[in-house]
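See structure below.
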Amino acid sequence: MKIAVDSCSLILLAKATVLEKLADRYSLFISEVVYKEVMEGKIKKFIDSLLTERLVKENKIRVNGIKSAELTKKLEEDFSLGVGEAETLSLILNKDCDIILTDNKQGRKTAIIYDLDLIGSVEVVVSLYKLKVIDKNKAIDALKKLREFGWFQDYLIDNALEEVKNE
Amino acid sequence: MSKTRFIGARMEEEVYKIIDKVAKEEKLDKTSAMKILVQEGWKGLRLKKTLFKYQQGLISVDKAATLSGINVNEMMKAIVSYGIKSEETLEEYKKGIKILTKNN
């Protein structure tokens, strides 16, 4: 399964310390601009920048060029997206990836309009637990971090915690 | 040195006091204090405007970051501190889990 990841989800999952586990399980792809956006935090030694840099160097996350600049431009204009988010959507619309991982409000809206296979960071944590890639404690810890660093509604995190605790 | 232009402006006593306070605290002359206040005020105003646009679903996080002159990570923190929440539904969440766990 090839997953196109945007900068927000990359940052959130790195902070939740499950990004590498996700990369071990699935093929992760990011666009050149997304990589650049995340690496802007390197100067401040952000964990997400340092981890992403290592995972890219180890080829666990692949940085893809964009086939159609025209499509990216259209997405930027039609949905008021930044270049990184538009490029991430281009990766799946151009069939380079099967799924889009984004927690970005506007990116999710666009993915729904195009009827794309869409996932978010909360589902990633719960799925990694269901697939036995991470254990219960790790999943609970990651969900708590997503609550702390993210912008998720409490009902979403509460539901995910409940699902992990009761499985 | 960049080109400067003259501006004469009348201001209320309370605004003048702010300039005076910043000048004293930062050990600057009043002109330099005013420049700092204008620049910092502009940054704050720009951020507030883009946060509002993001909240209304008019722009994406990375676009908001670009318009605010900050990086995506900093923009995400601003969104969280502004109390803006994701609109992801339980239905979308369940669909996401199904996508990730199928064929596994």
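Where a number appears in this text, it was derived from the coordinates with a stated rule and is not lab data. Fair warning: this is a prediction, and the values are worked out from it, not measured in the lab. In this analysis, Cβ positions are derived from the backbone assuming ideal geometry, glycine residues included, and neighbour counts consider all displayed protein chains.
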When only DSSP loop residues count, what trypsin sites (Lys or Arg not before Pro) in segment A:1-92 have their Cβ near at most 11 other Cβ atoms within 10 Å? A:Lys45
Could you state the orientation-averaged shadow area of the convex hull built on the Cα atoms of segment B:13-101, in nm² to one decimal? 8.3
Where does each of A:Asp103, A:Asp158, A:Asp96 land when they are ranked from fewest to most other beta-carbon atoms within 10 angstrom? A:Asp158, A:Asp96, A:Asp103
By counting other Cβ atoms within 10 Å of each Cβ, how are A:Arg147, A:Arg108 ranked from fewest to most? A:Arg147, A:Arg108
Shape of segment A:123-166 from its Cα gyration tensor (a ≥ b ≥ c, root eigenvalues): rounded if a/c is under 1.5, otherwise prolate when a/b > b/c, or oblate? prolate
Lysines within cross-link reach of B:Lys3: Cα-Cα under 16 Å, excluding same-chain residues under 8 positions apart? B:Lys35
Rg/Rh (Cα only; Kirkwood hydrodynamic radius) as it applies to the protein assembly as shown: 1.07
Relative contact order %, chain B, counting alpha carbon pairs below 8 Å whose residues are six or more apart: 13
Report the chymotrypsin sites (Phe, Trp or Tyr not before Pro) located in segment B:1-65 that are in a DSSP loop and have at most 15 other Cβ atoms inside 10 Å of their Cβ, or state none. B:Phe6
When only Cα pairs under 8 Å and 6 or more residues apart are kept, what is the percent relative contact order across chain A? 27
